[in-house]
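The values are calculated or read from the model by the stated rules, or taken from the named source; none is laboratory data. Computed from a predicted model, the values in this text were never measured in an experiment. Quick reminder, even Gly has a Cβ in these numbers, built from the backbone with ideal geometry, and neighbours come from all protein chains shown. Surface areas here come from the heavy atoms of the whole protein model, side chains and all, with no ligands, DNA or RNA. Shrake-Rupley method; radii C 1.70, N 1.55, O 1.52, S 1.80 Å.
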Amino acid sequence: MAKQNFPIKKIEYEGPETDNPLAFRHYNPDEIIGGKSMKDHLRFSIAYWHSFRGVGLDPFGGGTITRPWESKGSEMGIALKRMDAAFEFFEKIQAPYYCFHDRDIAPEGKTLGESNRNLKTVVTHAKKLQKATGIKLLWGTANLFSNVRYMCGAATNPDAHVFAYAAAQVKAALDATKYLGGENYVFWGGREGYETLLNTDLKREQDHLARFMHMAVDYAKKIGFKGQFLIEPKPKEPTKHQYDFDVASGIAFLKTYKLDKHFKFNIETNHATLAGHSFNHEIEVAAAVGMLGSIDANTGDTLLGWDTDQFPTDVKDITLGMISILKAGGLGSGGLNFDAKLRRPSIDLDDLFLAHIGGMDTYALAFKVARQILKDKKFSSFVKDRYSSFDSGMGKEIESGKATFETLSKRVIRMKEPVPVSGKQEYLENLLNSYLY
């Protein structure tokens with residue numbers, strides 16, 4: 001692999017006091033914390049679609065970003081050069097993982113057969129680069145939303161031909177993910193929803209979506225793919241009513257169709273806020289039922305109504321998310337994938353490094369703060385004390401299932417009015433700030 005695409009040295013850890021913008025201030029991949037390196041705790045991943053296919057598009061204008069490896073050659077030739085550039089970047093930014101959609105890494109052909117051959121060629125090249133660098137695939141997925149054939153959805157499309165085409169495409173993407181040693185496989189239903197019920201059979205579409213996922217589970221077993229299946233919820237954009245609106249609706253769908261044993265959630269920060277939730281809320285909802293799988297690490301802009309996919313820089317927000325992740329026991333085979341894109345005017349090569357450095361440092365600092373908060377137990381002790389009435393007596397009977405309306409009524413009628421107890425929200429918010437500032 002010719003390393004000449006980025007005239008930038010490997011990004012190293014230089015500590016909080018450094019004034020070098022091309023160095024880590026908080027992320028030290030080799031630092032051992034709790035018996036594991038920070039690299040293994042955080043499992044950072046680079047999103048191929050934004051970092052190497054993003055050109056600065058937004059809803060109101062075309063691309064602004066050009067890269068030297070994109071300038072000359074056939075589509076397949078450029079795809080292979082792009083892959084070389086990507087792995088050079090992965091190494092220099094010290095990211096142990098990457099993620100991709102099938103159509104990110106290989107151009108779509110005129111036929112499905114041609115598309116599959118293109119994918120196989122690029123995947124074979126990626127396998128060699130993985131072996132040479134030690135970079136791994138966190139997860140793969142299929143783009144079932146960009147092509148015009150998917151304008152009315154893929155698995156939920158009213159045309160059985162489109163459903164079948166999507167199934168064939170996912171089969172190839174699963175084969176590629178297994179071949180590359182991918183540790184997970186993601187389903188993001190970008191157009192699995194509807195615009196109006198005037199032309200939609202909602203029940204039938206959801207049945208079809210579930211059937212599609214069961215087919216994927218069956219095929220994964222057949223080929224021996226051991227990776228974790230993940231669903232990535234998104235509330236809106238592009239369709240008005242997405243079937244995977246948020247984690248809670250996703251849990252209901254998976255349990256209704258008996259898929260919950262096979263799937264966990266890939267939670268994106270920006271999608272959580274678009275659904276009207278906080279990042280840590282979505283993590284807690286997934287963790288409560290043992291279905292927290294992975295994180296798409298980005299953020300949105302509260303003043304804008306679309307999925308802006310910015311790099312995370314708010315340490316407080318990410319600390320709350322990291323507390324929830326650590327309480328849940330971590331992400332298992334998942335990781336922190338930077339599903340984030342450069343701002344439209346950020347067109348220089350070093351901007352790609354600066355953006356990821358900021359995101360990685362933000363998560364590393366939040367990780368350390370969250371560990372200290374959990375170690376001190378000030379918050380957990382407060383919460384435990386707040387619910388202590390359920391640890392004995394009447395409360396314990398309620399939680400154990402021994403209490404009934406009748407027994408509780410007999411008890412309460414002889415008791416005085418409950419005495420209100422302060423929730424101390426302001427105290428706890430101040431306490432959190434004491435760890436951050």
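Worth pointing out:
- The Kirkwood hydrodynamic radius of segment 22-125, based on inverse pair distances between different Cα atoms, is 15.8 Å.
- At the listed q of 0.14, 0.16, 0.17, 0.34 Å⁻¹, the Debye profile of segment 90-131, built from one uniform point per Cα, gives log10 I(q)/I(0) equal to -0.38, -0.47, -0.52, -1.15.
- Dividing the summed -39500 (n - 2.57) terms of all DSSP H runs of n ≥ 4 by the residue count of the chain sets its mean residue ellipticity at 222 nm at -14500 deg cm²/dmol.
- Across the options THR239, TRP69, GLY227, the greatest Cα extent toward the positive end of the charge dipole of the chain (unit charges at beta carbon of Lys, Arg, Asp, Glu) belongs to GLY227.
- Using a Förster distance of 35 Å, the FRET efficiency for ALA160-SER37 (Cβ separation, nearest 0.05): 0.10
- P(r) tail fraction, segment 144-264 - alpha-carbon pairs more than 16 Å apart, %: 59
- The mean sequence separation of alpha-carbon pairs under 8 Å and at least six residues apart, normalised by the residue count of the chain, gives a relative contact order of 15 percent.
- Just checking the listed ones, LYS377, LYS416, LYS255: in the Gaussian network model of the chain with Cα springs under 10 Å, the one fluctuating most is LYS416.
- With the gyration tensor restricted to C-alpha atoms of segment 259-341, the semi-axes of the equivalent ellipsoid amount to 21, 13, 12 Å, longest first.
- Each residue of segment 347-355 was assigned a 3J(HN,Hα) from its phi angle through the Karplus curve 6.51 cos²θ - 1.76 cosθ + 1.60 (θ = phi - 60°); the sequence is 10, 7, 4, 6, 4, 5, 6, 4, 5 Hz, with glycine and proline shown as x.
- Phi-based couplings in Hz for segment 46-61 (Karplus 6.51, -1.76, 1.60; Gly and Pro marked x): 9, 7, 4, 5, 7, 6, 10, 10, x, 10, x, 5, 9, x, 10, x
- Listed residues PHE60, PHE187, PHE338, most fluctuating in the chain (Gaussian network, C-alpha, under 10 Å): PHE60
- For SER45, the amide hydrogen comes within under 5 Å of the amide hydrogens of LEU336, ASN337, PHE338, counting only partners 5 or more places away or on other chains and with H modelled in the peptide plane.
- The 3J(HN,Hα) values that the Karplus relation (6.51, -1.76, 1.60; θ = phi - 60°) gives for segment 223-239 are, in residue order, 8, x, 6, 9, x, 7, 7, 10, 10, 10, x, 8, x, 6, 6, x, 8 Hz. Gly and Pro appear as x.
- Estimated dipole of the chain in Debye, rounded to 20 [Cβ of Lys and Arg +1, of Asp and Glu -1, Cα centre]: 1340
- Placing +1 on each Lys and Arg Cβ and -1 on each Asp and Glu Cβ, with no other charges, gives segment 1-150 a dipole about its Cα centre of roughly 640 debye.
- Cα centroid of segment 2-45 to Cα centroid of segment 210-289, whole Å: 31
- Among PHE100, ALA132, ASN199 - extreme Cα towards positive end, dipole of the chain, charges at beta-carbon: ALA132
- By accessible area, using a 1.4 Å probe on protein heavy atoms only, the chain has 55% of its surface on carbon and sulfur.
- Annotation: amide H-H contacts under 5 Å for PHE24 (H modelled 1.01 Å from N, sequence separation of 5 or more, or interchain): GLU12, TYR13, GLU14.
- Dipole in debye (nearest 20) - segment 359-421, about Cα centre, beta carbon charges: Lys, Arg +1; Asp, Glu -1: 160
- Overall, the anisotropy analysis places the chain in the oblate class: the square-rooted eigenvalues a ≥ b ≥ c of its C-alpha gyration tensor yield a/c not less than 1.5, with a/b not exceeding b/c.
- Averaged over its residues, the chain has an accessible area of 50 Å² per residue, based on protein heavy atoms and a 1.4 Å probe.
- Relative protection proxy for 87-94, 235-242, from highest mean packing down: 87-94, 235-242 (other beta-carbon atoms within 10 angstrom).
- Percentage relative contact order, segment 1-71, counting C-alpha pairs under 8 Å, at least six apart: 17
- Listed residues TYR185, TYR219, TYR427, most fluctuating in the chain (Gaussian network, C-alpha, under 10 Å): TYR427
- Taking all protein chains together and rolling a 1.4 Å probe, HIS214 ends up with roughly 50 Å² accessible.
- Normalised contact order of segment 261-397, rounded percent, pairs of Cα under 8 Å and 6 or more residues apart: 23
- For segment 358-428, alpha-carbon Rg and Dmax in angstrom: 19.1, 60
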